[in-house]
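Asker: Take a look at the following structure, please.
Every read-out reported here was derived from the displayed coordinates using simple, explicitly stated rules and does not represent laboratory data. In this text the structure is predicted, and so the values were computed from the model without any measurement. Glycine gets a Cβ as well: all are built from the backbone with ideal geometry, and neighbour counts include every protein chain shown.
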Protein chains: 2
Amino acid sequence: MESLLEGSFDGPLYPVNPYSPEILGLKAYPSIVDIPHQVDMAVIVVAAGAVPFALQDCARKGVRAAAIITSGFKEMGTESGSRLQEEIIALANHAGISIIGPNTIGVVSPHASLNATFLPSFKDVARGNVALVAQSGGVCSFMLHSAIDERLGISLATSLGNRANVDFADILEYLAGHEHTRAIALHIEGVEDPRRLMESARRVVRSKPVVAYKPAGPIPDRAAYSHTGSLAGSHNAYGAAFAQAGIVAVGHTEELLDVAKALAFQPPPRGDRVAVLSLQAGPAMIAASACYRFGLSLAELSPRSRERLRELAMTPFFSDNPIDMAGAFMQTGDNHRTWLEILQLALDDENVDVVILSALHHRLDIPFIEMVAALAQDRRPDKPLVVSRDSPLGAARPEIARLEESGIPVYPSPDRAVRAMAGLVRYGRLARTD
Amino acid sequence: MESLLEGSFDGPLYPVNPYSPEILGLKAYPSIVDIPHQVDMAVIVVAAGAVPFALQDCARKGVRAAAIITSGFKEMGTESGSRLQEEIIALANHAGISIIGPNTIGVVSPHASLNATFLPSFKDVARGNVALVAQSGGVCSFMLHSAIDERLGISLATSLGNRANVDFADILEYLAGHEHTRAIALHIEGVEDPRRLMESARRVVRSKPVVAYKPAGPIPDRAAYSHTGSLAGSHNAYGAAFAQAGIVAVGHTEELLDVAKALAFQPPPRGDRVAVLSLQAGPAMIAASACYRFGLSLAELSPRSRERLRELAMTPFFSDNPIDMAGAFMQTGDNHRTWLEILQLALDDENVDVVILSALHHRLDIPFIEMVAALAQDRRPDKPLVVSRDSPLGAARPEIARLEESGIPVYPSPDRAVRAMAGLVRYGRLARTD
């Protein structure tokens, strides 16, 4: 209730509690059936043994959706836990109730200001276009906290927990039609029916990109059983299935969110030829090194581009890809306009599939960043552009917000920008081989 | 001057400028020789062509150290740039002046509140025990901004730029005797005399661990020449030399700072057997997966530990390594004390070399974190302990500060905690084979 109230959800809220007439200032009802209005969704937090009774009341009330936060079911590894879970599945299926959980953190729907979880801190999750579906509540919580800190906009977030009757396949089908969602990030420990998941994904990725992280190694494979009561296949088998289904596979949670962000912001590139532009020389090399590490190639610029760059460059070095933009500074007088011309050159070059611009935070460069945002707003985004800009103590937040409002994803380091772009390239490749 | 003044440096500052009697409220001198006091260090920002004259004045004044921020020397790739650099090297060597640069960002010495760089934002760099030496000013700046955001304490930071007469080998020798430095982080693009660097490192690592990042790939190898005017060897050759010299090699800047932090905080472990403890199940699997990815092994706990864990655990799962601490919650009533017992068990277990504790931010766990900090303060740190705790919008900052004051490095994700620990393990291995 505290989460719902602090999240400023503007729909009606009805606390249900047989022992108290009022909860956090709201009139409470002894049972859900006593509420004199229609109820769209129940959030169930009673003890495990009482969940079947709560569900029966939901069925009588005609509720069609429930998030069961309560744990103590199949994940306990005990026979009684498994039996209790079977009981609620039978009840829910019979009554046509879709269940998120049990053993879920709940549901966060920022566009509806809905924080139906047990952590009030999720009220700070920004509205956006990345849907985040984790198997584990802890991992969902961790990633949402990252999203808050990094200002990654979320369309919907939840952890599926024990997946009574809503599994990854179901939520994917739902998200395919979810208006605010443009990219889907999955944290998967293991599912009972991988084939069903992959078939759903194959359909969904035609309209919305899906990126997935499955922890690798023998322990996660074994542990998935105890944690969510599901048989996990080996990480390698999932890797192959992900690729076949058109899902972009990643190695950890930071990469999961970074790639999902790129996918939500930018179109897939036609190839893997990267142009690296940088306002500083050192970071240009870091970006070039990251391209090498993530298997991207540095584009060989067209003769036309190279000729123009030679005209603009002050020194003979770094006038090719990666392009050290500072090299064009002193010669021209109006360096920001020159930098913009170079950016446009890279975006227009037929030998370039993606452009990364590394622009370490410096207050003197802010007008240039504003020009980049304006440029992005004007042009049709047929070629991905990704920016790397750090923001010490939030100093670069305004211009980063301007870039992202113009559809350009911004990352705090060249390494992360390139890694996100590598995910975008893999998605483009999967989409083409489809 | 703005950087120096905003950084609250408490020593005397003397602006030098022939055209102005006062700069930012301070009396300015026409030349450094006109200053009626001893000068310890000159920060030179005049145009490239004027640098030799400024250095001659420094020599006459008896100054022994200078940071030359000015660029336009060998890094230009022009003959005149190279000649100018040779000229200042000859001048400096003859006068016995040690030069940081030219083409340096300057020097940050937080323990002296000294920010002798062209970025006033470095006033926010916290005092600590990691020395940060980059070849590129942009990379140094980027990493210092990260350090500010992540509250990583720095003992000294600089970029060596063109390394007129102070190279990596020299700064390593200096840092070996630098009282505030406990670990040294290097960003190296390439040096003319790798052998000299490795020989210095071999001596220095006996007392202080060194971790290094060299961007990999053909472009960084080639570009190092144009950027700092030095011939870079191939990344692979450096990798082998780093290992021989006892330097821990890492793959990017985030890992560089994370590993340096672990090295500054904790002793090297005796082996690679990790105990993973977690307050949440999902992150336990992420940590286990990261151990697998970074080549660490999960410790097989001693029979004594396993027996005690079975007594404490509520469910049959996760009572082995990784240890799901929440499993011990409901059975005991006093869960924080039980968790502390489990932590102590892992720290005392002869089959465990390092302990990682994953504790996602939750306000109810704060008293436990305080207990961990108190425990760390009491015991001799003969076995590394690393904590992972996220801090949405800084919410966990107080208890993270308590942990770090007690000598425990804290990372925002299980992945980064494990990766840092892997660096610590590599250092332990290098130290043993020495």
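Asker: Can you put A:Asp167, A:Asp348, A:Asp10 in order, fewest other beta carbons within 10 Å first?
Answerer: Numbers: A:Asp167 18, A:Asp348 13, A:Asp10 9.
Result, fewest neighbours first: A:Asp10, A:Asp348, A:Asp167.
Asker: In this model, which of B:Lys214/B:Lys383; A:Lys74/A:Lys208; A:Lys214/A:Lys383; A:Lys123/A:Lys261 are farther than 24 Å apart at the alpha-carbon?
Answerer: Working: B:Lys214/B:Lys383 29 Å; A:Lys74/A:Lys208 32 Å; A:Lys214/A:Lys383 29 Å; A:Lys123/A:Lys261 20 Å.
The pairs that break the limit, which is 24 Å between Cα atoms, are B:Lys214/B:Lys383; A:Lys74/A:Lys208; A:Lys214/A:Lys383.
Asker: What nm distances, shortest first, do you get from the label point of A:Ala243 to those in the other copies when the point sits 7 angstrom along Cα to Cβ?
Answerer: 2.8
Asker: Give the order of B:Asp258, B:Asp390, A:Asp170 when sorted by the count of other beta carbons within 10 angstrom, beginning with the fewest.
Answerer: Details: B:Asp258 28, B:Asp390 25, A:Asp170 17.
Ascending Cβ contact count within 10 Å gives the list A:Asp170, B:Asp390, B:Asp258.
Asker: Quick one: which residues, 5 or more positions from B:Ile323 or on another chain, have an amide H under 5 Å from its amide H? H modelled 1.01 Å from N in the peptide plane, none for Pro or chain starts.
Answerer: Hits under the 5 Å cutoff: B:Val276, B:Leu277, B:Ser278.
Asker: Using Cα springs under 10 Å in a Gaussian network model of chain A, which residue among A:Arg151, A:Arg363, A:Arg273 shows the largest mean-square fluctuation?
Answerer: Maximum among the listed residues: A:Arg363.
Asker: Considering amide H positions built from the backbone, and no H for Pro or chain starts, which residues 5 or more places from B:Tyr411, or on another chain, come under 5 Å of its amide H?
Answerer: Excluding prolines and chain starts, which carry no amide H, the hits are B:Val387, B:Ser388, B:Arg389.
Asker: For A:Ala42, list long-range residues whose amide hydrogen, built 1.01 Å from N in the peptide plane, is under 5 Å from its own amide hydrogen.
Answerer: It is A:Ala65, A:Ala66, A:Ala67, by chain and number.
Asker: Under the convention of a label 7 Å out along Cα→Cβ, give the distances in nm from B:Glu179 to the same position in every other copy, shortest first.
Answerer: Spelled out, the distances from B:Glu179's label point are 6.6 nm.
Asker: Calculate one ³J(HN,Hα) per residue across the range A:66-77 by plugging θ = phi - 60° into the Karplus curve 6.51 cos²θ - 1.76 cosθ + 1.60, and present them in order as whole Hz with x for glycine and proline.
Answerer: Working through the residues one at a time gives 9, 9, 9, 6, 3, 10, x, 10, 4, 5, 6, x Hz.
Asker: Would you mind telling me the antiparallel percentage of the DSSP bridges in the protein assembly as shown, rounded to 5?
Answerer: Details: 16 of 96 bridges.
Close to 15 percent.
Asker: Separate question: Please order A:Lys27, A:Lys383 by the number of other Cβ within 10 Å, starting at the fewest. Can you show the working numbers first?
Answerer: Values: A:Lys27 10, A:Lys383 19.
Least to most surrounded, the residues fall as A:Lys27, A:Lys383.
Asker: Shape verdict for the protein assembly as shown, please, from the Cα gyration tensor: rounded (a/c under 1.5), prolate (a/b greater than b/c) or oblate.
Answerer: Details: a/c = 2.07, a/b = 1.63, b/c = 1.27.
In terms of gyration-tensor shape, prolate.
Asker: Only bridges with both residues in the range B:2-263 count here: give the DSSP antiparallel percent, nearest 5. If you can, show how the numbers build up before the last one.
Answerer: Working: 8 of 33 bridges.
Approximately 25 percent, going by the DSSP bridge assignments.
Asker: Distance between Cα centroids, the range B:274-313 to the range B:31-79: provide it in whole Å.
Answerer: 57
Asker: May I ask you to compute the full-extension gain from B:Ala401 to B:Arg308, defined as 0.36 nm times their residue separation minus their alpha-carbon distance, rounded to one decimal in nm? If you can, show how the numbers build up before the last one.
Answerer: Details: separation 93, 0.36 × 93 = 33.48 nm, distance 3.13 nm.
Contour length minus the Cα-Cα distance gives 30.3 nm.
Asker: Could you give each residue of the range B:4-15 its phi-based ³J(HN,Hα) in whole Hz, using Karplus coefficients 6.51, -1.76, 1.60 with θ = phi - 60°, and x for Gly or Pro?
Answerer: Coupling constants for the range B:4-15: 5, 5, 5, x, 6, 4, 9, x, x, 10, 10, x Hz.
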